[in-house]
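Undergrad: This is the structure I have questions about; it appears just below.
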Amino acid sequence: MATHAGARNFDDDCALLDIGGETLVLTHDAMAEGVHYLPGQDPANVAWKLVACNMSDLAAKGAEPLGVLLGYMTGANDARFLAGLEEALAAFHVPLLGGDTISGPGPQVLGLTAIGRATHRPVPARSGARPGDTLYLSGPVGAAMMGYEALRDGSGADSTAYRRPRALLAEGQAFAPLAHAMMDVSDGLLLDSWRMARASGVTIAIDTASVPIAAPEDRRADALRWGDDYQLLFAAPEGIAPPFPVHPVGRVLPRGKSPLVVDGVAANDPAGLGYQHGS
């Protein structure tokens, strides 16, 4: 159970700590071989993704990264992991502050804790969406799905979006003063929209035809349920003009019988909407 207000009742991806005149933003993500990345995948890309997914959590709070702590299980090619880690830390302008290493049998498990500084207060939460808001998306979904399939199948098609995702830190800092609620799309647009609606006590209505996708049109339904795209999803008043492109994909309504309505059809259960940890 959450014992500190900064935990936000565990309904968010980050915790907040007020220190003097600053608000620290803290997050932790773990990755397991065979679950979050393919067995035998280049460790340099695994390191990049581990950093990027944590940076994306900070981006969704409009935070500036301050440092990371690494939990690392040694593997067959540690040098490649360290090379990718150095690349990612340099790309996201964040230092490694410390951590711990272990060795052991079985699939590799990695963890990273990221610490950031809020650039706007109040810090956007999942729970702030208001009836009358428009739901905005920062960019297309489905690119990671296509990249994963290319890497899995060895087709030679571009797999960069899956291997080396971007964390939209500048965009998050720009959206934070405008957003009533914000999160990143890590587990699928539909599932993450359902989570935002539930946390906010509202209903979100999605118009799937308005969602930009980076996949063939006949894969639209899959793209809306696939994770790892790390686009930013936020609820804000209609007609905002942020300095980055955004796409209106839905509306926030007073709470009805269901947290989510997809093309007019109520989704009462999150099952089938995206990736659920432990499922």
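The values are calculated or read from the model by the stated rules, or taken from the named source; none is laboratory data. On a predicted model such as this, the values are computed, not experimentally measured, just so you know. Please note: Cβ atoms are built from the backbone with ideal geometry, for glycine as well, and neighbour counts cover all protein chains shown.
Undergrad: What tally of residues in the range 241-275 results from selecting those that are within 20 Å of residue 223 (Cβ to Cβ) and out of contact with any Asp or Glu (no Cβ under 7 Å at 6 or more places or on another chain)?
TA: Number of matching residues: 14.
Undergrad: While we're on this one: Checking the condition surrounded by 14 or more Cβ atoms within 10 Å (Cβ to Cβ) and in the same structural domain as residue 45 (by TED's automatic domain parsing), which residue from 104, 71, 132, 139 passes?
TA: Of the residues listed, the single one that is surrounded by 14 or more Cβ atoms within 10 Å (Cβ to Cβ) and in the same structural domain as residue 45 (by TED's automatic domain parsing) is 71.
Undergrad: Which of (1) assigned by TED's automatic domain parsing to the domain that holds residue 169; (2) of a type in the set (Gly, Ala, Ser); (3) at pLDDT below 95 is the odd one out, the single condition residue 223 does not satisfy?
TA: (3)
Undergrad: Where residues in the range 75-118 are within 14 Å of residue 42 (Cβ to Cβ) and among the polar types (S, T, N, Q), which of them is modelled with the highest pLDDT?
TA: 77
Undergrad: Answer yes or no as to whether residue 263 is acidic (Asp, Glu), surrounded by fewer than 22 Cβ atoms within 10 Å (Cβ to Cβ), over 23 Å from residue 175 (Cα atoms) and modelled with pLDDT under 95.
TA: So residue 263 fails the test.
Undergrad: What tally of residues in the range 25-68 results from selecting those that are surrounded by fewer than 22 Cβ atoms within 10 Å (Cβ to Cβ) and touching a Ser or Thr at 6+ places or on another chain (Cβ under 8 Å)?
TA: Within the range 25-68, residues that are surrounded by fewer than 22 Cβ atoms within 10 Å (Cβ to Cβ) and touching a Ser or Thr at 6+ places or on another chain (Cβ under 8 Å) number 3.
Undergrad: Let me ask something additional. Does residue 23 satisfy the criteria of being at pLDDT 95 or above, within 20 Å of the chain's Cα centre (by Cα) and not in a helix (DSSP H, G or I)?
TA: no
Undergrad: A further question on this structure: Would you be able to tell me the number of residues in the range 131-180 that are in contact with a His (Cβ under 7 Å, 6 or more places away or on another chain) and either among the hydrophobic types (A, V, I, L, M, F, W, C) or outside any strand (DSSP E or B) (or both)?
TA: 4
Undergrad: Does the range 94-125 hold any residues that are farther than 19 Å from residue 70 by Cβ and of a type in the set (A, V, I, L, M), and which are they?
TA: The answer is 118, 123, 125.
Undergrad: Among (1) in contact with a Ser or Thr (Cβ under 8 Å, 6 or more places away or on another chain); (2) without any contact (Cβ under 8 Å) to a residue 40 or more places away in the chain; (3) not assigned by TED's automatic domain parsing to the domain that holds residue 199, which single condition is residue 113 missing?
TA: Just one mismatch for residue 113, condition (2).
Undergrad: If you don't mind, another one. Considering only the range 142-166, state which residues are of a type in the set (Gly, Ala, Ser) and surrounded by fewer than 20 Cβ atoms within 10 Å (Cβ to Cβ).
TA: Across the range 142-166, the qualifying residues are 150, 154, 155, 156, 157.
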